[in-house]
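Notes follow once the structure below has been shown.
The values are calculated or read from the model by the stated rules, or taken from the named source; none is laboratory data. A quick note: this is a predicted structure, and the numbers were derived from the prediction, not measured. Quick reminder, even Gly has a Cβ in these numbers, built from the backbone with ideal geometry, and neighbours come from all protein chains shown. For the accessible areas, the whole protein counts, side chains as well, though only heavy atoms, and no ligand, DNA or RNA atoms are used. Shrake-Rupley method; radii C 1.70, N 1.55, O 1.52, S 1.80 Å.
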Amino acid sequence: MKKLVALEPRVAGLKEYEERAILEDEVLIKVKFASPKPGTEVVDFRGISPFIDDEFSTEWNMFMPREAGSPRGIEFGDLPLGNMVVGEVAEVGSAVTEYQVGEIVCTYGPIRETVIAKGINNYKLRKMENMDNWKNAVCYDPAQFAMGGTRVANVRAGDFVAIFGLGAIGLIAVQIAVNAGAKVIAIDPIEERRNLAEKFGAIHSLDPITEDVGLKMKEFTNKMGVDSVIETSGAASALQASLRGVAYGGIISYVAFAKPFPEGLNFGREAHFNNAKIIFARASSEPNPEYPRWDRKRIEDTCWDLLMSGYLDCSEIVAPIVPITESAEAYMRYIDQEPSLSVKMGVEL
């Protein structure tokens with residue numbers, strides 16, 4: 001069987017593996033579709049993450065073999081790539097009663113032909129009626145951050161909302177805000193992503209490379225400024241434009257996990273006088289700003305319902321779709337080298 005791994009920094013490849021026997025409380029999933037996590041995952045892939053050789057994310061801990069203990073010390077050569085999988089339950093442990101062989105499920109996991117998941121009291125292992133909705137399912141993770149960001153931004157009907165960064169998180173946030181009745185201004189340097197945001201209902205889209213985005217945000221709102229900003233890009237220029245274009249007392253919901261900013265970020269001038277509230281959105285750790293009413297499980301349950309009901313549409317967000325035999329080359333191109341060519345790559349096994 002094959003799995004996609006990082007052989008060395010910025011080099012992906014397929015490796016053969018033999019799956020271990022499952023434990024009594026586990027299920028074995030035969031993977032049919034999978035997807036990586038652009039943005040966060042590429043930092044690890046490039047070898048510049050503080051978590052490499054130290055401690056991986058919560059999702060990665062979930063699918064590492066139990067006998068390996070903590071994934072500390074894992075090096076390139078066998079570094080798993082991928083974030084979400086959809087497949088069919090192929091085997092269930094003797095103590096598992098919640099899942100049956102043949103059921104379709106979605107969970108966190110790497111891009112490989114089989115994934116083992118805990119089969120008891122694991123709400124992150126989601127049942128599906130069929131595989132027709134697999135593109136929505138593999139967007140389960142970004143949907144959570146989009147929802148966390150829109151909730152922190154206090155998006156309401158009639159609000160003007162600017163969304164910076166139209167990756168999977170940003171495009172899903174556009175849909176959530178539009179469906180809530182907000183007037184969305186979508187901002188990204190990639191034209192195809194701006195077009196998709198307009199298709200999802202954004203009333204304006206802006207190129208931050210060629211346009212004064214902060215000024216446009218004021219112009220579109222009769223000099224008032226937007227009620228809230230959802231910032232997913234992590235760019236210093238995006239935060240500066242947000243501070244300039246937000247209305248007095250408005251909210252900047254900071255979703256991005258930004259790198260250290262260079263010199264020049266100005267918290268005077270418009271930033272000072274607009275009196276913006278910057279709130280760091282937290283969907284994946286507790287406590288988030290609305291805890292305990294809203295915890296991560298409630299966010300995940302809500303996102304799953306919205307994805308499976310069709311309230312959110314990720315059918316055009318997941319592209320291109322490549323077979324696993326081409327996944328290494330595709331990963332290097334679409335995730336690392338030319339990310340502007342894809343929002344969220346899909347893999348078919």
Give me the one-decimal nm value for the distance between modelled label points at residue 329 and residue 284, 7 Å along each residue's Cα-to-Cβ direction.
3.0 nm
Can you grab the distance from the C-alpha centre of segment 84-98 to the C-alpha centre of segment 128-205, Å, no decimals?
32 Å
Carbon and sulfur atoms: what percent of the 1.4 Å accessible area of segment 229-337 do they account for?
55 percent
Probe 1.4 Å, heavy atoms of protein chains only: per residue, the accessible area of segment 228-349 in Å² is 50 Å²
Among DSSP beta bridges whose residues both lie in the chain, state the antiparallel percentage, nearest 5.
55 percent
How far is helix 140-152 tilted, in degrees, relative to the longest principal axis of the Cα atoms in the chain, given as a value from 0 to 90 rounded to the nearest 10?
30 degrees
At what distance in nm do the modelled label points of residue 266 and residue 97 sit from each other, each positioned 7 Å from its Cα along Cα→Cβ?
6.6 nm
Report the accessible area of residue 286, computed with a 1.4 Å probe over the heavy atoms of all protein chains in place, in Å² rounded to the nearest 10.
80 Å²
Per DSSP H run of n ≥ 4, the term is -39500 (n - 2.57); total these for the chain, divide by its residue number, and report the mean residue ellipticity at 222 nm rounded to 500 deg cm²/dmol.
-7000 deg cm²/dmol
Show me, for segment 340-346, the HN-Hα J-couplings you get by feeding each phi into the Karplus relation (A = 6.51, B = -1.76, C = 1.60, θ = phi - 60°), rounded to Hz, glycine and proline as x.
5, 7, 8, 8, 8, 6, x
Add +1 for every Lys or Arg and -1 for every Asp or Glu among the other residues with Cβ under 12 Å from the Cβ of residue 209, and state the total.
-4
If one compares the long axis through the Cα atoms of helix 236-245 with the longest principal axis of the Cα atoms of the chain, the angle in degrees, nearest 10, works out at 40 degrees
Leaving out ligands, DNA and RNA, and with a 1.4 Å probe, what % of the accessible surface on segment 146-218 is carbon or sulfur?
49 percent
Rounded to the nearest 10 Å², what accessible area does residue 192 have for a 1.4 Å probe in the complete protein model?
120 Å²
Largest to smallest accessible area among 194, 244, 20 [probe 1.4 Å]:
244, 20, 194
Isolated Cys residues of the chain, judged by Cβ distance under 4.7 Å to other cysteines
106, 303
By how many degrees, between 0 and 90 and to the nearest 10, does the Cα long axis of helix 168-179 differ from the longest principal axis of the chain?
60 degrees
With every protein chain present, what is the per residue accessible area of segment 82-182 (1.4 Å probe, Å²)?
31 Å²
Starting from the amide H of residue 314, placed 1.01 Å from N in the peptide plane, find each other amide H under 5 Å away whose residue is 5 or more places distant or on another chain.
136
For residue 322, enumerate residues with amide H under 5 Å from its amide H, sequence gap 5+ or separate chain, H modeled in the peptide plane.
346, 347, 348
Accessible area of residue 210 in the full protein assembly, 1.4 Å probe (Å², nearest 10)
110 Å²
